[in-house]
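Visitor: One structure, pasted below without further comment.
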Amino acid sequence: MAKNILVTGGAGYIGSHTVLQLLTGGYRTVVVDNLENSSAVALQRVKELAGQFGNNLSFHQVDLRDKAALKTIFTETKFDAVIHFAGLKAVGESVQKPLLYFNNNLIGTITLLEVMADHGCKNLVFSSSATVYGWPKEVPCTEEFPLSAANPYGRTKLFIEEICRDIHCSDSEWKIILLRYFNPVGAHPSGQIGEDPRGIPNNLMPFVQQVAVGRRPALTVFGNDYSTKDGTGVRDYIHVVDLADGHIAALCKLSDSKIGCEVYNLGTGKGTSVLEMVAAFEEASGKKIPLVMAGRRPGDAEIVYASTEKAEHELKWKAKYGIEEMCRDQWNWASKNPYGYGSPETTK
Ligand code: NAD
Ligand code: UD1
């Protein structure tokens with residue numbers, strides 16, 4: 001029988017791509033999202049893209065902290081596992097409004113875990129982040145590296161990881177996979193779903209994309225004096241469809257009776273500089289991206305990329321796409337949807 005998966009934050013960027021892979025992989029999927037940072041249009045498009053499997057998707061516009069509503073959803077469906085994406089993710093905002101981040105991300109997660117435990121669903125995949133490696137002293141980052149948090153957003157990831165380790169210690173029926181994502185970029189090759197940040201994008205590729213479609217005049221490059229190949233910051237960019245597939249691999253791993261609370265990096269293992277990424281995007285789009293060189297962004301690390309060995313061995317998962325495909329699909333999405341899921345009037 002098809003497995004039932006609850007996806008929190010399933011209307012968001014990574015969530016919507018994962019929901020599509022789940023549906024086409026034969027899973028029945030229930031999404032819970034308060035649409036705080038996403039649009040219901042994303043899920044309509046996922047349903048269409050999933051074709052015959054689209055009917056296996058249902059959606060509840062619910063905030064995770066609404067325990068009564070969450071209980072009703074768990075009473076209606078017996079879930080085999082939960083993939084938990086829901087959370088706020090803007091680093092700068094988290095520094096300005098730490099309580100908002102602790103309230104949303106921590107209370108949302110604790111409420112979810114309580115309701116899961118009450119309903120006997122103890123299989124979880126959680127969206128952690130490479131941000132928990134702080135400023136790594138060396139690369140590639142392995143899962144054993146020391147952990148730290150540079151801001152309240154990162155601290156919520158660190159706390160949630162620790163909470164998961166503690167609940168597994170207290171009750172070995174819990175099976176939990178913590179996925180530490182590196183830098184998700186790109187979009188589904190159809191160009192129908194992609195990243196649609198509200199306001200001014202914090203991350204590199206959404207900003208580049210908005211410059212390419214004429215919504216912003218130039219990209220500000222944060223620092224060109226790092227000890228890297230061209231002086232700009234180096235990151236491990238991963239195609240969002242590869243990342244989504246990593247979640248399917250994690251679900252398969254949860255069926256393995258031996259797993260307790262495990263952590264895996266999801267990256268490509270390759271480092272790419274800001275200027276290399278811009279050049280790849282210019283090549284894919286045929287658009288020139290004007291650059292303004294500026295100082296380093298406070299809090300930024302110099303070089304971050306993943307060790308991918310553990311995920312390759314234990315999840316039998318490996319990223320397939322390179323930066324050419326990431327930029328091709330990012331541009332396909334951007335050119336078809338220059339204002340994301342909105343319109344020039346609704347999008348600033
Ligand atoms: P996103 O903002 O597009 O998706 C998150 C979704 O969660 C949104 O649809 C939002 O409306 C929903 N949400 C937030 N708080 C909620 C609440 N209290 N109740 C119900 N729904 C709520 O972000 P994303 O890029 O898809 O990221 C998904 C997860 O992956 C997040 O936890 C994020 O921290 C983590 N992550 C993202 C990145 C990245 O670069 N995108 C990197 C590492 C980790
Ligand atoms: C950021 C977050 C991190 C989060 C990650 C993925 C900070 C300090 N860190 O990391 O917590 O896990 O996103 O969501 O915000 N860049 C520019 N110009 C821009 C934007 C970025 O030059 O307008 C550069 C950055 O300096 C960096 C690279 O591009 O070298 C990638 O930046 P970004 O996409 O924000 O990702 P991270 O820095 O890895």
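Visitor: Residue by residue through segment 1-50, note down the ones that are free of Cβ contacts under 8 Å to residues at least 24 places away in the same chain and either closer than 21 Å to residue 334 by Cβ or in contact with a His (Cβ under 6 Å, 6 or more places away or on another chain) (or both).
Guide: 44
Visitor: Whether any residue in segment 83-103 is in a strand (DSSP E or B), within 13 Å of ligand 1 (Cβ to nearest atom) and at pLDDT 95 or above is what I want to check. If you could, list the steps in order and put the result at the bottom.
Guide: Looking only at segment 83-103, we keep the residues that are in a strand (DSSP E or B), and these are 83-84.
Add one more test, that the residue is within 13 Å of ligand 1 (Cβ to nearest atom), and what stays is 83-84.
Next, only the ones that are at pLDDT 95 or above stay: 83-84.
Scanning segment 83-103 turns up at least one residue that is in a strand (DSSP E or B), within 13 Å of ligand 1 (Cβ to nearest atom) and at pLDDT 95 or above.
Visitor: Quick one: in segment 286-318, of everything that is in contact with an Asp or Glu (Cβ under 7 Å, 6 or more places away or on another chain) and within 16 Å of ligand 2 (Cβ to nearest atom), which residue is most open to solvent (accessible area, probe 1.4 Å)?
Guide: Residues of segment 286-318 that are in contact with an Asp or Glu (Cβ under 7 Å, 6 or more places away or on another chain), as a first pass: 288-289, 304-306, 310, 317-318.
From what is left, the residues that are within 16 Å of ligand 2 (Cβ to nearest atom) are 289, 304-306.
Working: 289: 4, 304: 15, 305: 56, 306: 3 Å².
For segment 286-318, the residue satisfying everything is 305.
Visitor: Return yes when residue 69 is in contact with a strand residue (DSSP E or B) (Cβ under 8 Å, 6 or more places away or on another chain), without any contact (Cβ under 8 Å) to a residue 24 or more places away in the chain and not polar (S, T, N, Q) and no when it is not.
Guide: Numbers: in contact with a strand residue (DSSP E or B) (Cβ under 8 Å, 6 or more places away or on another chain): yes; without any contact (Cβ under 8 Å) to a residue 24 or more places away in the chain: yes; not polar (S, T, N, Q): yes.
Here the answer is yes, as residue 69 does meet what is asked.
Visitor: Now, a different point. Out of all the residues in segment 41-52, is one or more modelled with pLDDT of 95 or more, more than 18 Å from the chain's Cα centre (by Cα) and assigned to a strand (DSSP E or B)?
Guide: Step one: filter segment 41-52 for residues modelled with pLDDT of 95 or more, giving 41-52.
Pick out the ones that are also more than 18 Å from the chain's Cα centre (by Cα) and you get 41, 44-45, 47-52.
Now restrict to residues that are assigned to a strand (DSSP E or B): none.
No, segment 41-52 contains no residue that is modelled with pLDDT of 95 or more, more than 18 Å from the chain's Cα centre (by Cα) and assigned to a strand (DSSP E or B).
Visitor: Within segment 249-285, can you find the residues that are within 13 Å of ligand 2 (Cβ to nearest atom) and either in contact (Cβ under 8 Å) with a residue 60 or more places away in the chain or hydroxyl-bearing (Ser, Thr, Tyr) (or both)?
Guide: Scanning segment 249-285 gives 265, 266, 267, 271, 272, 273, 274, 277, 278, 281.
Visitor: Right, here's the next one. Given the condition part of a strand (DSSP E or B) and either farther than 17 Å from residue 149 by Cα or touching a residue at least 60 places away in the same chain (Cβ under 8 Å) (or both), answer yes or no: does some residue in segment 107-114 qualify?
Guide: No, that holds for no residue.
Visitor: Restricting to segment 2-32, and then to whatever is open to solvent by 10 Å² or more (accessible area, probe 1.4 Å) and aliphatic (A, V, I, L, M), can you tell me which residue is farthest from ligand 2 (Cβ to nearest atom)?
Guide: Once the filter is applied, the top-ranked residue is 2.
Visitor: Based on what the data block shows, is residue 209 under 23 Å from the mean Cα position of the chain (by Cα), part of a loop (DSSP other than H, G, I, E, B), surrounded by 19 or more Cβ atoms within 10 Å (Cβ to Cβ) and in contact (Cβ under 8 Å) with a residue 60 or more places away in the chain? Break it down stepwise before answering.
Guide: Values: under 23 Å from the mean Cα position of the chain (by Cα): yes; part of a loop (DSSP other than H, G, I, E, B): no; surrounded by 19 or more Cβ atoms within 10 Å (Cβ to Cβ): yes; in contact (Cβ under 8 Å) with a residue 60 or more places away in the chain: yes.
No, not satisfied.
Visitor: Considering only segment 189-206, how many residues are buried (at least 22 other Cβ atoms within 10 Å of the Cβ), part of a loop (DSSP other than H, G, I, E, B) and at pLDDT 95 or above?
Guide: 3
Visitor: Name the residue that is most open to solvent (accessible area, probe 1.4 Å), counting only residues in segment 212-226 that are in a loop (DSSP other than H, G, I, E, B) and in contact with a strand residue (DSSP E or B) (Cβ under 8 Å, 6 or more places away or on another chain). Break it down into steps so the answer makes sense when it comes.
Guide: Residues of segment 212-226 that are in a loop (DSSP other than H, G, I, E, B), as a first pass: 213-218, 223-226.
Cutting the leftovers down to in contact with a strand residue (DSSP E or B) (Cβ under 8 Å, 6 or more places away or on another chain) gives us 218, 223-224, 226.
Working: 218: 23, 223: 2, 224: 77, 226: 18 Å².
Among them, the one singled out is 224.
Visitor: Checking residue 159 against (1) more than 24 Å from residue 319 (Cβ to Cβ); (2) open to solvent by 20 Å² or more (accessible area, probe 1.4 Å); (3) in contact with an Asp or Glu (Cβ under 9 Å, 6 or more places away or on another chain): exactly one of these is not met. Which one?
Guide: (3)
Visitor: Considering only segment 99-148, state which residues are closer than 17 Å to residue 174 by Cα and within 16 Å of ligand 2 (Cβ to nearest atom).
Guide: 126, 127
Visitor: While we're on this one: Considering (1) of a type in the set (A, V, I, L, M, F, W, C); (2) closer than 13 Å to residue 185 by Cβ; (3) open to solvent by 30 Å² or more (accessible area, probe 1.4 Å), say which one residue 261 fails and leave the rest.
Guide: (2)
Visitor: Among the candidates 121, 164, which residue alone is buried (at least 17 other Cβ atoms within 10 Å of the Cβ), at pLDDT 95 or above and part of a loop (DSSP other than H, G, I, E, B)? If you could, list the steps in order and put the result at the bottom.
Guide: Values: 164 fails: part of a loop (DSSP other than H, G, I, E, B).
Exactly one residue qualifies, and that residue is 121.
Visitor: Residues that are over 22 Å from residue 305 (Cβ atoms), part of a loop (DSSP other than H, G, I, E, B), open to solvent by 10 Å² or more (accessible area, probe 1.4 Å) and near ligand 1 (Cβ under 10 Å from one of its atoms): does segment 178-188 have at least one?
Guide: No.
Visitor: Just to be sure before I move on: is residue 244 in a helix (DSSP H, G or I) and within 16 Å of ligand 1 (Cβ to nearest atom) in the structure I sent?
Guide: Answer is yes for this residue.
The values are calculated or read from the model by the stated rules, or taken from the named source; none is laboratory data. Since this is a predicted model, take the numbers as computed values, not measurements. Every residue, glycine among them, receives a Cβ derived from its backbone with ideal geometry; neighbour counts consider all protein chains shown. Just so you know, the surface numbers come from the protein's heavy atoms only, side chains and all, with ligands and any DNA or RNA stripped out. Shrake-Rupley method; radii C 1.70, N 1.55, O 1.52, S 1.80 Å.
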